[in-house]
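The values are calculated or read from the model by the stated rules, or taken from the named source; none is laboratory data. Just so we're clear, the structure is a prediction, and the values are computed from it rather than from any experiment. Here the Cβ positions follow ideal geometry from the backbone for every residue, glycine too, while neighbour counts run over all protein chains shown.
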Amino acid sequence: MGSTVVLGAWVAVMLIVNPGSVSGLAWLMPEWNRTPLSRYQSIDEIRQEVRSIGLTVGDILPIASHVSGERDELLIPIFKPPEEMTELRVYRPHFRNQNQLELIDRLNVSGPQEIFVLAPLSQTPSTSGGTARSLPVSQVSVLNGSSTPGIWLSLRGEWARGSTRTSYGLIVRYDLNQQRLQTLLPWTSPSGKDPKWQQVTGNATPELVVNQTVGLAPNFKFYQPIATSKVTDPMRLVAIALDPPALKQSQFVNGLRLAQQGLWTPALKLLEAAKQRGDWSAAAQAQMDVVKFHAAITKAQADRDWANPTEAIAANLLDGRWSRSLQLLQAALANGGELKDLLGDVDRLTTRIDAALSLNPAQVDLQALGTLAQFVQHGREPALRWLTARNRNLATLVQPIDRSASPVRPRFAQSSAVGGRSCQPDRRNCRADSSPAE
């Protein structure tokens, strides 16, 4: 009995002083399985130790000073040649001798897979899908602007092939209470922008915003920090997804369908109409705020004066301005433009047109644009069959494609006709017309 009491007292003391030393109880609390790190070294000793295994010490980053002047944890990245980060370490200076550092935590670093990094570029012809190999990261910086406790870090690397470039990295958090490093999220940004904290939804806590935009089509990912009750996984970054819809209401569901195809402004109109009908929630508001964020960008681009007609047409198509897009397209064709070049990514455009037509099948401007896209993809006869299936009057009264035209630069009707009347896309100057315009 006496031995049992002594042993119990010893275990209790060790659990208070150094839980990691009681390895036999690691099954009860995973946190106890941490290796004791209480060894003091000078920075020169750390460099010498690291150098002995072929690695180097990077620049020292005082991370705790970003949240409190009373703490002075130091972040030290470890590299292998030439500049690949392999480890992050957190040290704490001794309270009596600032030159002596105690190792608090360490985290092995492995960059995101190439296939993940190149995913936003998958529609770029010169870019393959990538491989499963991990890409190296070489930089670390503090991400300021979060109201969530802890130190948020961004690890960064660069990928380049020819003129195509993208930035990528990892989001890492240092928990000040547990004194632990935690990898939370890989990120990639073809625009080369670092992730940042930004207030996007109505929540009090800013979201982490990752810019994955390629070309004119905006593409942003939004993540909300969510605390958990798990000791080994105390924080998560949860994406605000557009699927599944937060509400079953038809207008809301249809709006998110358009948003998933990149038609942000038409989507926002449906979501705003859905909100007016009531039955709203915080999750629905978050999805709507994501759509609103993108719609603001496409609207600004469509309102801009473009010197390049291809960019002007693309900006208006992205914002769902079908009549204006037709007007710009007709003007560019009249000035010698090539239809295939002016329509840009026809496969992506066809997907967007089909999504819009599924909600408004009688919209003549969409039918006309869809016919042109079908012509570029499949030729004259399939394009006319596609149009006839949707609008027999338009197909019989208008000759959008001349038989003698070349595959890339046909002659198109300068007007759309319905019910025996030939009308400009803005629906002004309609006139009776028994013969198709060329």
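The C-beta contact set for the stretch 137-149 (first residue within 30 Å of Pro82 (Cβ to Cβ) and assigned by TED's automatic domain parsing to the domain that holds Glu84, second residue exposed (fewer than 14 other Cβ atoms within 10 Å of the Cβ) and among the acidic types (Asp, Glu), distance under 6 angstrom, 6+ apart or interchain) comprises Ser138/Glu83. Is it true that Glu49 is surrounded by 12 or more Cβ atoms within 10 Å (Cβ to Cβ), at pLDDT below 85 and in a helix (DSSP H, G or I)? No: the conditions fail for Glu49.
Residues that are more than 12 Å from the chain's Cα centre (by Cα) and more than 14 Å from Ser146 (Cα to Cα): find the strands (runs of 3 or more DSSP E) completely inside the stretch 174-235 holding 2 or more of those.
Numbers: elements: 180-189, 196-198, 207-211, 220-227.
Fully inside the stretch 174-235 and qualifying: 180-189.
Only one residue in Ala295, Ala274 is buried (at least 18 other Cβ atoms within 10 Å of the Cβ) and under 25 Å from Leu329 (Cβ atoms). Which one?
Numbers: Ala274 fails: under 25 Å from Leu329 (Cβ atoms).
Sole residue among the options that is buried (at least 18 other Cβ atoms within 10 Å of the Cβ) and under 25 Å from Leu329 (Cβ atoms): Ala295.
One residue alone among Asp289, Asp279, Asp347, Asp341 is of a type in the set (Asp, Glu) and at positive phi, and that residue is Asp279.
Rundown of residues vs (1) small (Gly, Ala, Ser); (2) modelled with pLDDT under 95; (3) within 25 Å of Ala204 (Cβ to Cβ), yes/no style:
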residue: Ser110; (1), (2), (3): yes, no, no
residue: Val140; (1), (2), (3): no, no, no
residue: Arg161; (1), (2), (3): no, yes, no
residue: Thr166; (1), (2), (3): no, no, no
residue: Leu185; (1), (2), (3): no, no, yes
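Given the structure, is Pro218 in contact with a helix residue (DSSP H, G or I) (Cβ under 9 Å, 6 or more places away or on another chain), crowded, with 19+ Cβ neighbours inside 10 Å and closer than 30 Å to Val142 by Cα? Step through it out loud before you land on a result.
Numbers: in contact with a helix residue (DSSP H, G or I) (Cβ under 9 Å, 6 or more places away or on another chain): yes; crowded, with 19+ Cβ neighbours inside 10 Å: yes; closer than 30 Å to Val142 by Cα: yes.
Considered against the rule, which asks whether it is in contact with a helix residue (DSSP H, G or I) (Cβ under 9 Å, 6 or more places away or on another chain), crowded, with 19+ Cβ neighbours inside 10 Å and closer than 30 Å to Val142 by Cα, Pro218 comes out as yes.
Restricting attention to the stretch 236-275, the residues that are among the hydrophobic types (A, V, I, L, M, F, W, C), over 30 Å from Gln182 (Cβ atoms) and in a loop (DSSP other than H, G, I, E, B) total 2. Taking (1) in contact with an Asp or Glu (Cβ under 9 Å, 6 or more places away or on another chain); (2) surrounded by fewer than 16 Cβ atoms within 10 Å (Cβ to Cβ); (3) within 17 Å of Val172 (Cβ to Cβ) in turn, Gly202 satisfies each apart from (3).
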